[in-house]
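S.K.: This is the structure, below, for whatever I ask next.
Bear in mind that the values in this text are calculations on the coordinates, not laboratory data. What you see is a predicted model; the values in this text were computed from it and never measured. Here the Cβ positions follow ideal geometry from the backbone for every residue, glycine too, while neighbour counts run over all protein chains shown.
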Amino acid sequence: MSEHQPPRFFDGGGYEKMMGRWSLVAGARFLEFLQPDQESSWLDVGCGNGAFSELLFKQARASRVDGIDPSDGLLETARTRLDGYPAVMTQGDAQSLPYVDNQFDASVMALVINFIPDPAKAVAEMARVTKPGGSVSSYIWDIEGGGFTMEPIRAALKPFGVDAAVTGPEKATCAYMENLWQTLGLRDIESTRIEVPLNYKNFDDFWESNTGIPNSVANAVKKLADSDVAKLKKNLMETLTSADADSISYMAAVNAVKGRVAG
């Protein structure tokens, strides 16, 4: 059996529909947990299309946000999204950050840690570039706890004998992140699980959002025959929709951790 390969995202608009909007919902609740200082300088590691970076300006009143991501396509969308804000979006590797020591008031990794080959390197780099006493934090979908946004499709695929593997579920637990923060010498560590409501206007919105661009679930669906895809969608419609409403709503969840740089 071949090893699961994490998806690579290039389409900023498609990613916005699939995940960016939920990054905003999850991010808003995460910031309530984080309770960050206002007017701070931030590093957004794995900034993607800039959804959470924008939230840092709107909700945390960031004085500046530097974002870093490996994808040119997502960064192009991020730069357009953040036009007019004091933000700089850079292509680069989370495990080797191109910033000087003690540069930022806070650093954050939003919906990213499970994609990074060596999270310890990335978090150590975040701590390095964050000022003493500054915040280092992360949140990620609770994959093992059923909190992933696409969990309804993953569950519905199982009777068809198809496993929609998600990258790095073991890295997406509070226990893993807490241990990592402790190992790297961060202080005042706290973690929590945060429920996140997802609302789609109808089934087509739900289906197209989750399967419209390449990702682990969309790739799993492609393994099915057309007739089985039709059965899968019928099963999901019966499970997720009600007789008196076209909209689809259910709860996802993220695991979150925060700590401070010693000093």
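S.K.: State which residue is farthest from E39 (Cα to Cα) when the search covers only segment 63-91 and only residues that are of a type outside the set (S, T, Y) and assigned to a loop (DSSP other than H, G, I, E, B).
M.R.: Applying the filter and picking the extreme gives P70.
S.K.: Could you list all residues from segment 98-118 that are within 19 Å of the chain's Cα centre (by Cα) and under 18 Å from F52 (Cβ atoms)?
M.R.: Result: A106, S107, V108, M109, A110, L111, V112, I113, N114, F115, I116.
S.K.: How about segment 119-142: which of its residues are aliphatic (A, V, I, L, M) and within 19 Å of the chain's Cα centre (by Cα)?
M.R.: A120, A122, V123, M126, V136, I140, listed by residue number.
S.K.: Kindly provide the set of residues from segment 92-106 that are closer than 14 Å to D69 by Cα, assigned to a strand (DSSP E or B) and either out of contact with any helix residue (DSSP H, G or I) (no Cβ under 9 Å at 6 or more places or on another chain) or among the hydroxyl-bearing types (S, T, Y) (or both), ordered by number.
M.R.: Once the filter is applied, which keeps residues that are closer than 14 Å to D69 by Cα, assigned to a strand (DSSP E or B) and either out of contact with any helix residue (DSSP H, G or I) (no Cβ under 9 Å at 6 or more places or on another chain) or among the hydroxyl-bearing types (S, T, Y) (or both), segment 92-106 yields only S96.
S.K.: Next question. May I ask you to list the residues in segment 61-79 that are surrounded by fewer than 16 Cβ atoms within 10 Å (Cβ to Cβ) and more than 20 Å from the chain's Cα centre (by Cα)?
M.R.: Selection gives R61, S63.
Let's see how each residue does on (1) without any contact (Cβ under 8 Å) to a residue 60 or more places away in the chain; (2) under 27 Å from F203 (Cα atoms); (3) in contact with a Leu (Cβ under 7 Å, 6 or more places away or on another chain); (4) not aliphatic (A, V, I, L, M):
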site: S96; (1), (2), (3), (4): yes, no, no, yes
site: A106; (1), (2), (3), (4): no, no, no, no
site: G133; (1), (2), (3), (4): no, no, no, yes
site: I140; (1), (2), (3), (4): no, yes, yes, no
site: K158; (1), (2), (3), (4): yes, yes, no, yes
site: V162; (1), (2), (3), (4): no, yes, yes, no
site: A172; (1), (2), (3), (4): no, no, no, no
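S.K.: Within segment 113-142, restricting attention to residues that are surrounded by fewer than 23 Cβ atoms within 10 Å (Cβ to Cβ) and among the β-branched types (V, I, T), which residue is nearest to T241 (Cα to Cα)?
M.R.: For segment 113-142, the residue satisfying everything is I116.
S.K.: Looking only at segment 124-172, count how many residues are aliphatic (A, V, I, L, M), under 21 Å from Q95 (Cβ atoms) and part of a helix (DSSP H, G or I).
M.R.: Selection size over segment 124-172: 5.
S.K.: Please enumerate the residues belonging to segment 203-244 that are out of contact with any helix residue (DSSP H, G or I) (no Cβ under 8 Å at 6 or more places or on another chain) and of a type in the set (D, E).
M.R.: D204, D205, D226, E238, D244, listed by residue number.
S.K.: If you don't mind, another one. Name every residue in segment 44-60 that is at negative phi, under 15 Å from the mean Cα position of the chain (by Cα) and outside any helix (DSSP H, G or I), in order of residue number.
M.R.: D44, V45, C47, N49
S.K.: With the requirement that a residue be farther than 19 Å from Y139 by Cβ and free of Cβ contacts under 8 Å to residues at least 12 places away in the same chain, what does segment 176-221 give you?
M.R.: Once the filter is applied, which keeps residues that are farther than 19 Å from Y139 by Cβ and free of Cβ contacts under 8 Å to residues at least 12 places away in the same chain, segment 176-221 yields D204, A218.
S.K.: Count, please, the residues in segment 202-253 that happen to be assigned to a helix (DSSP H, G or I) and surrounded by 14 or more Cβ atoms within 10 Å (Cβ to Cβ).
M.R.: 22
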